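Asks: One structure, as structure tokens, below. Some questions next.
Just so you know, all these numbers are worked out from the coordinates, no wet-lab data involved. Please read these numbers as outputs of a predicted model, since none were measured by experiment. Cβ sites come from the backbone with ideal geometry, for glycine too, and all protein chains shown count toward neighbours.
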Amino acid sequence: MKVVKAVASIDKLTLHGKRLTALSMWEKGKAFIAAAILLRGKGGYEYVVLHLLCQGIEVLGKGYLLLSDYHTYEPQLRGIGHNLNKLVNKIEAASNLTILTEKLKSEFDELNTLYSKHLLRYGTSFDILHDPKNINSKRILRRLAAILRLVEKSGFISRK
């Protein structure tokens, strides 16, 4: 049996195709965050909850950047990688919003360090030495919910 692979080049996407790609990232990011909230509510393993939260922030944020200016930010996404601080700095510059207040920075920095080093995703000695329930994320979730409401009410994220 012959397998046919179809790969769309980003360079060949129309403006509409690029917008749909960015919207897909935005929606996937929201879904990762929703999954984190649901899993936490069901008493799920907190390391997985935290990983889903961070992955949601990453994908949602990258989707936002692509929606704001696809041609500018698409080449920069690899350089941002899994560094949520770099991502938030780009989003703050693009949106003129302050995302991280002083109270949130230490909580966010801790999550970023763990996420960027893949300590939330894979089993390591870190898991047995640190109780994940001591890793704060409630303020981040509240702030994220407020930002999502603001962005979606603004009409910036239209499905057209």
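Asks: Please report Phe108, Phe126 as a ranked list, fewest other C-beta atoms within 10 angstrom at the top and most at the bottom. Walk me through the numbers on the way to the answer.
Replies: On the way: Phe108 23, Phe126 14.
Least to most surrounded, the residues fall as Phe126, Phe108.
Asks: Can you tell me which lysines have their Cα less than 23 Å from the Cα of Lys62? Leave out same-chain residues fewer than eight positions away.
Replies: Cross-link targets: Lys12, Lys18, Lys28, Lys30, Lys86, Lys90, Lys105, Lys117, Lys138, Lys153, Lys160.
Asks: From the phi angles alone, apply the Karplus equation (6.51, -1.76, 1.60; θ = phi - 60°) to the stretch 25-32 and give each ³J(HN,Hα) in whole Hz, x where the residue is Gly or Pro.
Replies: Each residue of the stretch 25-32 in turn: 5, 4, 5, 5, x, 4, 5, 4 Hz.
Asks: Enumerate the calculated ³J(HN,Hα) couplings along the stretch 140-157 in order (Karplus 6.51 cos²θ - 1.76 cosθ + 1.60, θ = phi - 60°), each rounded to whole Hz, writing x wherever the residue is Gly or Pro.
Replies: Once rounded to whole Hz, the list reads 4, 4, 5, 5, 4, 4, 5, 5, 4, 4, 4, 5, 6, 6, 5, x, 4, 9.
Asks: With a 10 Å Cβ neighbour count serving as the proxy for reagent exposure, in which order, fewest first, do Leu20, Leu104 appear?
Replies: Leu20, Leu104
Asks: Net charge around Leu39, counting only other residues with Cβ within less than 14 Å of its Cβ (Lys, Arg = +1; Asp, Glu = -1)? Intermediate values should be presented prior to the final figure.
Replies: On the way: positive: Arg40, Lys42, Lys133; negative: Glu46.
Net of charged neighbours comes to +2.
Asks: Another question about this same structure. Let me have the 222 nm mean residue ellipticity of the chain computed from DSSP H runs of 4+ only, each contributing -39500 (n - 2.57), with the sum over all residues rounded to the nearest 500. Mind dumping the intermediate values first?
Replies: Values: 7 runs with 108 residues, N = 160.
Dividing the helical sum by the residues of the chain leaves -22000 deg cm²/dmol.
Asks: Determine the dipole magnitude for the stretch 14-154: charges of +1 sit on the beta-carbon of Lys and Arg, -1 on that of Asp and Glu, nothing else is charged, the reference point is the Cα centre, and the result goes in debye to the nearest 20. Each step should come with its number before you reach the end.
Replies: Working: 21 positive and 13 negative charges, 63 e Å.
For the stretch 14-154, the charge dipole is close to 300 debye.
Asks: Between 0 and 90 degrees, rounded to the nearest ten: what's the tilt of helix 84-95 against the longest Cα principal axis of the chain?
Replies: 50
Asks: Right, next: Quick check on the exposure proxy: order Ser106, Ser68, Ser137 from fewest to most C-beta atoms within 10 angstrom.
Replies: Values: Ser106 12, Ser68 15, Ser137 20.
Arranged by neighbour count, lowest to highest, Ser106, Ser68, Ser137 become Ser106, Ser68, Ser137.
Asks: Still on this structure, please answer the following. Can you bin the stretch 60-160 into rounded, prolate or oblate? Criterion: square roots of the alpha carbon gyration tensor eigenvalues sorted a ≥ b ≥ c, rounded for a/c under 1.5, prolate for a/b above b/c, oblate for the rest. Write out the running numbers ahead of the final one.
Replies: Details: a/c = 2.32, a/b = 1.60, b/c = 1.45.
It comes out prolate by the Cα gyration axes.
Asks: Starting from the Cα-Cα distance between Ala31 and Ser106, subtract it from 0.36 nm times their residue separation and give me the gain in nm to one decimal.
Replies: 24.5 nm
Asks: How long are the three semi-axes of the equivalent ellipsoid for the stretch 1-103, computed from the Cα gyration tensor as the root of 5 times each eigenvalue, in whole Å, largest first?
Replies: Working: eigenvalues 138, 92, 26 Å².
Ellipsoid semi-axes (Å, largest first): 26, 21, 11.
Asks: Relative contact order of the chain: what whole-number percent is it, with Cα pairs under 8 angstrom and at least 6 residues apart? Kindly include the intermediate steps, with their values, before the conclusion.
Replies: Numbers: 130 pairs, mean separation 34.2, N = 160.
Relative contact order for the chain comes out at 21 percent.
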